Amino acid sequence: MKKGIKLNKKYADLLKSQGINWIYIEDPLSEDIDVEDIIHDETRVFANTLLAEILSHNPPVINRNTIMRLKDAAIMIVSDIKEYRPRVTMELWFIKTLEDYLYLHSVNVAVISVMAGWHVGLSQNELEELCIAVLLHDLGKVTVDTLIHNKPGRLTEEEYMEMQLHTRRGFNILKDYAVFSPKVWSVALQHHEFYDGSGYPLGKKAKEIYLYSRITSIVDIFDALTSDRPYKKGWPFHKALNYLNTEVNKRFDEKVLRIFNNMVPQYPRGTAVTLSTGEIGMVVENIEKNYHRPIVRIMMDKKGNALGSDKVYDVDLSGEMDIQILDDHN
Ligand SMILES: [Fe+2]
């Protein structure tokens, strides 16, 4: 929206109809808290458009043109991520509309997986290969009925079996294209395998699962947990991270999970938080390697009084170990 336009009910309804449930508002108290994407807008639009084209058809559209553009998208994403150093932080979780979930999810998981792969120490070629593999990891889903895909509530046994087939189907589609390496097919097949052998379709475990899929499985679940779906609201980052690290941590490669934890802030910039002091504020900055102790701008005192623009102040939690973040407002 342009600056100065009033957000009346008509606009709010219009945004909601587009699947946009929340927006950032710039005001004098938070004008320096930029919420930036980790890749350039052009890259995000290029990749989203391409994946929408490939994944909106059954069978998916893979031809010389889309393959060339996949390679371009991978080069752009890897280069954007490398350029971003040293502020490796996730500022914006891309807002997904429900209808567009499949391709937006594919691009998002690819971007974050490449970032994790970079921290793992993969080479330039490997990162580009990983990127293409993850962009196409859910390719087989286009063959699964959308009603199953977006079904509120639990799937029946039969529906769940159908859903699981997307791994083998994606693998079967991709392996017919000599241009993709076996490592690319392996992600379509293995991204729902778990380190402890509890995944599908083959119940592979530990290093039997290729590294690319050990990375993708963590990011895939994190993105699914934090996204709004027809049957649930997306979880805030800290809740999803806590779940991955406690309840289901045996499912993941410990080293990759540790790298993921150091990469993803529990409270990204722009998140509203309540501190143990009773004050309420907004996260201004996540400092690399210390994401869980961000700098918070205090905007409301412990009695609930809003502080004026001349009274707000920043608290650096990395130096205030006795202050905890109690909750966020998402
Ligand atoms: Fe999947």
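Normalised size of the range 150-197, defined as Cα radius of gyration per 2.2 N^0.38 Å with N residues, equals 1.38. Here the contact order of the range 272-328, divided by its residue count and restricted to Cα pairs under 8 Å and six or more residues apart, works out to 38 percent. Here the extension length gained between Arg154 and His292 equals 46.3 nm, from 0.36 nm per residue of separation less the Cα-Cα distance. Here Arg258 and Asp310 are evaluated by their C-beta separation; at R0 = 41 Å the FRET efficiency comes out at 0.45.
For the range 232-330, the relative contact order is 25 percent, taking Cα pairs closer than 8 Å that sit 6 or more residues apart in sequence and dividing their mean separation by the residue count. With 19 Å as the limit, the listed pairs Lys71/Lys175; Lys183/Lys204; Lys183/Lys205; Lys141/Lys233 have Lys141/Lys233 beyond it between alpha carbons. Per-residue packing, averaged as other Cβ atoms within 10 Å, sorts the ranges 157-166, 50-59, 69-78, 138-147 into the order 69-78, 138-147, 50-59, 157-166, beginning with the highest. In this structure, the residue pairs whose Cα-Cα separation is over 19 Å, taken from Lys207/Lys239; Lys207/Lys255; Lys207/Lys250, are Lys207/Lys239. Which percent of Cα pairs goes in each bin when the distances of the range 41-263 are cut into 10 angstrom slices starting at zero? Histogramming the range 41-263 at 10 Å steps yields 8, 35, 41, 15, 1 percent. The packing ranking of peptides 173-185, 259-271, highest mean first, is 259-271, 173-185, where packing means the average number of other beta carbon atoms within 10 angstrom of each residue.
Summarise the long-distance tail of P(r) for the range 171-330 by giving the % of C-alpha pairs beyond 27 Å. Everything past 27 Å amounts to 41 percent. Rounded to the nearest 20, the size of the Cβ-charge dipole of the range 102-166 about its Cα centre is 220 debye, with Lys and Arg at +1 and Asp and Glu at -1. Each 10 Å bin from zero up to the one holding the largest Cα-Cα distance in the range 272-328 carries the following percent of pairs: 26, 58, 16, 1.
Simple point charges give the picture: +1 on the Cβ of Lys and Arg, -1 on the Cβ of Asp and Glu, and for the range 275-330 a dipole about the Cα centre of about 100 debye.
Overall, the range 41-263 carries a charge dipole of about 440 debye about its Cα centre when +1 sits on the Cβ of Lys and Arg and -1 on the Cβ of Asp and Glu, all other atoms neutral.
Read-outs throughout are calculated quantities, based only on the coordinates presented, and are distinct from any laboratory measurement. Bear in mind the structure is a predicted one, so any value in this text is a computation, not a measurement. Don't worry about glycine lacking a Cβ; one is built from the backbone with ideal geometry, like all the others, and counts go over all protein chains shown.
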